[in-house]
Amino acid sequence: MNKHFFIFRLYPSVVTIRGDVAYDKDEQEVAYDLQAVEALMAAEEYKDLRAKEYPAIADQLDYIYHNGIDAWKEDMIDPVKNKYPKG
Amino acid sequence: MGGAMSSVTISGDTSGSIILQAPAVSGSTTLTLPTTTGTLVTSNAMPTGSVLQVVNATYAVTTSNTSGSYVDSGLTASITPSSASNKILVIVNQLGCGKNGNTYMLARLKRSSTVLAVLSGGSGYTNSTASNNFGGLGMTWLDSPATTSSTTYSTEFATAVATNQVYVQGNSENSTITLMEIKG
């Protein structure tokens, strides 16, 4: 997720962003709180980090098939969640 | 040939003449003629298909859109054709493209307000809300603007599913547009 994604999240009236400048549907500039945006980015960074580190879905399904749900959680999911706790 | 002549006149076979005229410059310049049979090309009589001028522009400001309405990507370049019969070869590389949420990118090439071509009709689609940095969109388009006025080419983009973000020049990647005037 990039910074623009979080600006859109916090400011629903924003539809276009060029660099650091946000605009509404009428191309009027929309002021935003950069600190709030960056705080939200930091708080949700764990999602990106986890998503990049989870094994491929096919590998996870294969692991569940051979080892069961509990082993899948313990061996594949929990280590990533613990490595990147919620912000 | 030495001497102080500023021009040489060659009479035509049946009429008229050609004057080889030295410009008013200091110093001396040597023009070496080709050693093979052929016709000299002048700037006013380039062969069809010749490249007459090249314009290039880049843009690296990350630009996002969550609307289904097209907005300018920021990538633009202008060229003034020397003849209305000439063509413009447009080469576009729109880089740093991506999406967040369950959507995909729509993009197109424009000459002023006229849409010339679809650059993307569904790029980045994942059938999921997963983010997707899908890289670049490229296009080569041969246009016939039929004008000698300054002509602007640009790209614009939109999201297929409103409120879900699409973006170009992500991570400040350099998009480029090159315009080549081709002798018609």
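The values are calculated or read from the model by the stated rules, or taken from the named source; none is laboratory data. The model shown is predicted, which means the values in this text are computed figures rather than measured ones. Note that each Cβ is placed from the backbone with ideal geometry, even for glycine, and that neighbours are counted across all protein chains shown.
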field: Subset of the range B:148-183 that is hydrophobic (A, V, I, L, M, F, W, C) and within 17 Å of A:Met1 (Cα to Cα) - its residue that is farthest from the chain's Cα centre (by Cα)
entry: B:Val166
task: Only residues that are surrounded by fewer than 20 Cβ atoms within 10 Å (Cβ to Cβ) and either farther than 20 Å from B:Val71 by Cβ or over 23 Å from the mean Cα position of the chain (by Cα) (or both): list them for the range B:88-100, please.
output: B:Leu89, B:Ile91
query: Taking only pairs six or more apart or across chains, which ones have beta-carbon atoms under 9 Å, a first residue in the range B:51-65 that is buried (at least 16 other Cβ atoms within 10 Å of the Cβ), and a second residue that is outside any loop (DSSP other than H, G, I, E, B) and of a type in the set (Lys, Arg)?
result: B:Val61/A:Arg18; B:Thr62/A:Lys3; B:Thr62/A:Arg18; B:Thr63/A:Arg18; B:Ser64/A:Arg18
field: Residue ID - nearest to the other protein chains (Cβ to nearest Cβ), chosen from residues in the range A:1-41 that are farther than 21 Å from B:Gly98 by Cα and among the hydrophobic types (A, V, I, L, M, F, W, C)
entry: A:Val30
statement: Subset of the range A:6-24, residues among the small types (Gly, Ala, Ser) and buried (at least 18 other Cβ atoms within 10 Å of the Cβ), comes to A:Ala22
field: Residue under evaluation B:Ala117, criteria (1) at pLDDT below 95; (2) surrounded by fewer than 18 Cβ atoms within 10 Å (Cβ to Cβ); (3) aliphatic (A, V, I, L, M); (4) in contact with a strand residue (DSSP E or B) (Cβ under 8 Å, 6 or more places away or on another chain), criterion not met
entry: (1)
- prompt: Which members of the range B:33-47 meet the condition of being surrounded by 10 or more Cβ atoms within 10 Å (Cβ to Cβ) and of a type in the set (Gly, Ala, Ser)?
  reply: B:Ala45
query: Got at least one residue in the range A:42-65 being in contact with a strand residue (DSSP E or B) (Cβ under 9 Å, 6 or more places away or on another chain) and surrounded by 14 or more Cβ atoms within 10 Å (Cβ to Cβ)?
result: no
field: Checklist (1) part of a loop (DSSP other than H, G, I, E, B); (2) loosely packed, with under 15 Cβ neighbours inside 10 Å; (3) within 22 Å of the chain's Cα centre (by Cα) applied to B:Pro145, failing item
entry: (2)
field: Tally of residues being of a type outside the set (Phe, Trp, Tyr), closer than 24 Å to B:Thr103 by Cβ and not in a loop (DSSP other than H, G, I, E, B) across the range B:39-67
entry: 3
message: Looking at the range A:70-87 only, could you name the residues that are assigned to a helix (DSSP H, G or I) and either hydroxyl-bearing (Ser, Thr, Tyr) or surrounded by 10 or more Cβ atoms within 10 Å (Cβ to Cβ) (or both)?
response: A:Ala71, A:Trp72, A:Lys73, A:Glu74, A:Asp75, A:Met76, A:Ile77, A:Asp78, A:Pro79, A:Val80, A:Lys81, A:Lys83
- request: Kindly establish whether B:Ser149 is closer than 23 Å to B:Thr178 by Cβ, away from chain A (no Cβ under 11 Å), touching a Gly at 6+ places or on another chain (Cβ under 9 Å) and touching a residue at least 60 places away in the same chain (Cβ under 8 Å).
  value: no
task: Just give me the residues in the range B:17-38 being of a type in the set (Ser, Thr, Tyr) and in a loop (DSSP other than H, G, I, E, B), in sequence order.
output: B:Ser26, B:Ser28, B:Thr29, B:Thr30, B:Thr32, B:Thr35, B:Thr36, B:Thr37
task: For B:Asn56, work out the one condition from (1) touching a Ser or Thr at 6+ places or on another chain (Cβ under 8 Å); (2) within 14 Å of another protein chain (Cβ to nearest Cβ) it doesn't fulfil.
output: (2)
